[in-house]
Amino acid sequence: MRKISTVKELTEIKQAFTDKRQNSQNIRVIVGMGTCGISAGATPVWETIRDAAEKAGMDNVSVLPAGCIGMCTYEPIVEVKEPGKQTVTYIHVDAKKAAEIFEKHIKGGNPIPEYTIGGSMSGLEDIDFYKKQKRVALRNCGVVNPEDITEYIYKDGYFGLAKVLLEMTPAEVIDLVKASGLRGRGGAGFSTGMKWSFAAPNQADQKYIICNADEGDPGAFMDRAVLEGDPHAVLEAMAIGGYAIGATKGFIYVRAEYPVAVQRLNIAIAQAKELGLLGEKLLGTDFNFDIEIRLGAGAFVCGEETALIASIEGYRGMSRNKPPFPANKGLWGKPTCINNVETLANVAQIILNGAEWFKGFGTEKSPGTKVFALGGKINNTGLVEVPMGTTLREVIYDIGGGCPGGKKFKAVQTGGPSGGCITTENLDTPIDFDNLVAIGSMMGSGGMIVMDEDNCMIDIARFFLDFTVDESCGKCTPCREGTKRMHEILDRITSGEGSEEDLTTLKDLAENIKSTSLCGLGQTAPNPVLSTMNHFEDEYIAHVKDKKCPAGVCKSLINYEISMKCRGCTLCSRSCPAQAISGKVKEQHTIDQSTCLKCGICMNVCKFDAIIKK
Amino acid sequence: MSNQCNCGGIIKENDPRFAELKGFIDSLVGTKGKTMPVLQEAQKIFGFLPIEVQKFIANELEIPLSEVYGVSTFYSQFNLEPKGIHKISVCLGTACYVKGSQAVLDKLADELEVEVGETTADGVFTLEATRCLGCCGLAPVMMIDDEVYGKLEDISVIPEIIEKYYNQRLPK
Ligand SMILES: Cc1cc2nc3c(=O)[nH]c(=O)nc-3n(C[C@H](O)[C@H](O)[C@H](O)COP(=O)(O)O)c2cc1C
Ligand code: FES
């Protein structure tokens, strides 16, 4: 393909694609092929439809992959778009259904309502899950084919870059981004425009811009969705940022667990280079910009910017002292700007639509939207993008559909291992950077894990500590040793050997680690403990004083017993792996507590609900 | 250098895979910060990173072996020991943990009679815990090789799944 050097040529590509799409009589079948879709079995679905179309000689059917549309609970999702007709969205599709959809609908022209949402033929945009959302960062995810740059251009892709390179000075770009109020979505919420303005004036033979795609919060996948579903948005924004700060080289640091994202990024980079949108003399100007992908290797701390830099340089990913800040002395000692994936996904839109448009969503101090990965005990697991200022209640109940199985909501954790839990009394808080801090949690990168009455909060705190102990880089003592000691105490408490004194020690340790650790990892590691201690003190007391786990999770603190409901069917005693249950046929059985492993199998197999957990 | 090692997988000095690795290293001329990409490629080629391979890399990159070893032991994705034929990874990401993936892991450890991070005596399975596989919608999740098994709330199905892989024994 010829390299593009004017806006006119970019417009021509867009127009040609628009015409093609409008005039086309083709049936487009779109299969959600993000990691989540693929895990749920999208590949055989895609293959089935593709092969069937080929076999039937229907060359007017194109079967296209798309990224994650955010509705994980409905995967695999297939959309059938026939010219001049309403799009039909099929959910929970498997190979067998796919074959049927092909025969009856694609070939036969008769959609199958049973396989659509609620059997009602409603599209994704009709359901509550989408109604409260506003998609800016995710606007193209699940909509465009991420492996085709022309689809991105069709959605105004690279017009932002063109505008910047051909009409704006770097200072104007920075001012615009500053004026939009965009704050970093990677966790700290620092103004992106300010960050760029720190790196811009520094003179150096080389500057760098780095996209932080390490997405370390376990249970969060916003950035993955953007990389897999709309990789060009990240590339375009990096080039814009590069122009603004005077960097000619960019790195994307992607966590190793994201092979699909890496593959899509590689394709996207190659396509952008071919069109002269990356590489040398972008759009015919004198600006050069190249991007290289670097893979992480499974270290959470590498999401922290100085550790990330050490990792790209080829060292152990250990964080460094700040100052010097990366904007002055970053990668290989050169001025470096580090931006998160989702932050970048907003940039081209801001350039094209202006700062005022962006400030039209969200709150005064946190304009725009935020993507959350909603997971845990929630009906609609998935990705949600809402304007800042939406309340937690709206996200959890209106969009997420509440806890499954009629269970009672207990808490929601935001900010992952660095954050805290939020309880019912704060559910009406409008979400933004400052409000979440005020209620003892933080925005973090966007993980939002819902917990119900069956979750033990001390067990959850221990889980996060386990994570930080594992992931501490070991450079500073408070984090390396302190988190271990905290973990030991939590282990003691959950195994029924904790004392009230432990609670005081735990709090002291937490405060000390927070104030003396080198980097953000240690400084925030105690947060999950402090916030659970704050909101669920009674649960801690129950563990250390009464030696009970009210949620029935901590094995050492629960007992299984057989109630009067027992009919003596012997099923439990036959299923017990420890032979701890005895009793005669048709008589109430008993569990020998000294041999019981507390595996819970008896409770699962009992048909009469006779087994109780105490 | 002796061509014997006691790391479990004997890799000889004249193993042709070294040439392949050297080819990759040579292709990186002009690239800065080569250590990680080279270790990643080496692991792809050899399956793990025995000390011979790390020595080779140190030589080629002209950096101390201690530096290579420092990096290979820092990151959890680098394996210094050979792995089983099938890799079982149980997700201990928050979404999965909240939905009970610890029970999945315990069940597997029990069935396979190994600790997390270990390989079974017959070399068939390696059991690992990972953080978020990116399919929280299916929580709790485990992955065997490239196959994802989701919604494992009922752990009694696990032995059957393992059995299937044991019978195949060879990677797909
Ligand atoms: C322990 C730790 C882990 C982090 N992990 C990530 C991460 O996975 N992704 C990310 O974008 N930022 C992460 N950050 C924040 C980065 O250090 C940095 O602030 C961010 O990438 C800057 O981009 P932004 O301004 O666009 O948010 C982490 C910080 C700490 C302290
Ligand atoms: S937490 Fe297990 S797949 Fe995300």
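Some observations on this one:
A quick yes/no check of all residues on (1) assigned by TED's automatic domain parsing to the domain that holds A:L275; (2) out of contact with any helix residue (DSSP H, G or I) (no Cβ under 7 Å at 6 or more places or on another chain); (3) within 16 Å of ligand 2 (Cβ to nearest atom):
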site	(1), (2), (3)
A:L166	yes, no, no
A:F198	yes, yes, no
A:Q203	yes, yes, no
A:K207	yes, no, no
A:D217	yes, no, yes
A:V234	yes, no, no
A:Y243	yes, no, no
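- Residue within the stretch B:45-53 that is closer than 30 Å to A:C456 by Cβ, touching a Pro at 6+ places or on another chain (Cβ under 6 Å) and of a type outside the set (K, R) present: no
- Matching residues, the stretch A:364-403, being under 18 Å from A:G67 (Cβ atoms) and among the β-branched types (V, I, T): A:T369, A:V371, A:T381, A:V384
- Screening the stretch A:296-390 for helices (runs of 4 or more DSSP H) wholly inside it with 2 or more residues that are crowded, with 24+ Cβ neighbours inside 10 Å and either under 21 Å from the mean Cα position of the chain (by Cα) or not assigned by TED's automatic domain parsing to the domain that holds A:I210 (or both) returns the ranges A:305-312, A:341-353.
- Filter pass, A:K365 being among the basic types (K, R), in contact (Cβ under 8 Å) with a residue 12 or more places away in the chain and within 16 Å of ligand 1 (Cβ to nearest atom): yes
- On inspection, B:A103 qualifies as more than 30 Å from A:I312 (Cα to Cα), within 16 Å of ligand 2 (Cβ to nearest atom) and not assigned by TED's automatic domain parsing to the domain that holds B:L28.
- Take the conditions (1) within 14 Å of chain B (Cβ to nearest Cβ); (2) within 15 Å of ligand 1 (Cβ to nearest atom); (3) of a type in the set (G, A, S); A:A345 misses just one of them, which is (1).
- Any hit, the stretch A:443-452, residues being within 12 Å of chain B (Cβ to nearest Cβ), touching a Leu at 6+ places or on another chain (Cβ under 6 Å) and not in a loop (DSSP other than H, G, I, E, B): yes
- Taking every residue in the stretch A:589-603 that is modelled with pLDDT of 90 or more and pairing it with any residue that is in a helix (DSSP H, G or I) and surrounded by fewer than 19 Cβ atoms within 10 Å (Cβ to Cβ), at least 6 positions away or on another chain, the pairs with Cβ-Cβ distances below 8 Å are A:C602/A:S575.
- For A:A578, the test of being without any contact (Cβ under 8 Å) to a residue 40 or more places away in the chain, outside any loop (DSSP other than H, G, I, E, B) and either within 30 Å of A:G303 (Cβ to Cβ) or not acidic (D, E) (or both) is failed.
- Checked against the criterion of being over 21 Å from A:L308 (Cβ atoms), assigned to a helix (DSSP H, G or I) and within 16 Å of ligand 2 (Cβ to nearest atom), the candidates A:F467, A:F463 yield just one match: A:F463.
- Of all residues in the stretch A:51-70, at least one satisfies being more than 34 Å from the chain's Cα centre (by Cα) and at positive phi.
- Residue list for the stretch B:31-56, restricted to those being aliphatic (A, V, I, L, M), in contact with a Lys or Arg (Cβ under 8 Å, 6 or more places away or on another chain) and more than 14 Å from chain A (Cβ to nearest Cβ): B:I45
- Among residues of the stretch B:75-102, those that are farther than 30 Å from A:A310 by Cβ and more than 8 Å from every other protein chain (Cβ to nearest Cβ), counted: 7
- The one condition in (1) farther than 25 Å from A:V395 by Cα; (2) buried (at least 24 other Cβ atoms within 10 Å of the Cβ); (3) within 12 Å of chain B (Cβ to nearest Cβ) that A:C68 fails to fulfil: (1)
- Residue list for the stretch A:20-47, filter: surrounded by fewer than 22 Cβ atoms within 10 Å (Cβ to Cβ) and away from every other protein chain (no Cβ under 11 Å): A:K20, A:R21, A:Q22, A:N23, A:S24, A:Q25, A:N26, A:I27, A:R28, A:P44, A:E47
- Candidates A:I601, A:I581, A:I591, A:I562, filtered to the one that is more than 39 Å from the chain's Cα centre (by Cα), under 23 Å from B:E111 (Cα atoms) and among the hydrophobic types (A, V, I, L, M, F, W, C): A:I581
- Members of the stretch A:71-92 that are surrounded by fewer than 16 Cβ atoms within 10 Å (Cβ to Cβ) and out of contact with any Lys or Arg (no Cβ under 8 Å at 6 or more places or on another chain): A:P83, A:G84, A:K85, A:Q86, A:H92
- Helices (runs of 4 or more DSSP H) fully within the stretch A:170-269 counting 2 or more residues that are within 16 Å of ligand 1 (Cβ to nearest atom) and within 13 Å of chain B (Cβ to nearest Cβ): A:222-229
- Residue within the stretch B:57-74 that is without any contact (Cβ under 8 Å) to a residue 24 or more places away in the chain, within 16 Å of ligand 1 (Cβ to nearest atom), on the phi < 0 side of the Ramachandran plot and within 14 Å of chain A (Cβ to nearest Cβ) present: yes
- Any hit, the stretch A:507-519, residues being free of Cβ contacts under 8 Å to residues at least 12 places away in the same chain and within 16 Å of ligand 1 (Cβ to nearest atom): yes
- Residues being surrounded by fewer than 19 Cβ atoms within 10 Å (Cβ to Cβ) and within 10 Å of chain A (Cβ to nearest Cβ) - total across the stretch B:114-150: 3
The values are calculated or read from the model by the stated rules, or taken from the named source; none is laboratory data. Remember, predicted model here, so these are calculated numbers, not experimental data. Cβ: placed from backbone, ideal geometry, glycine included. Neighbour counts: every protein chain shown.
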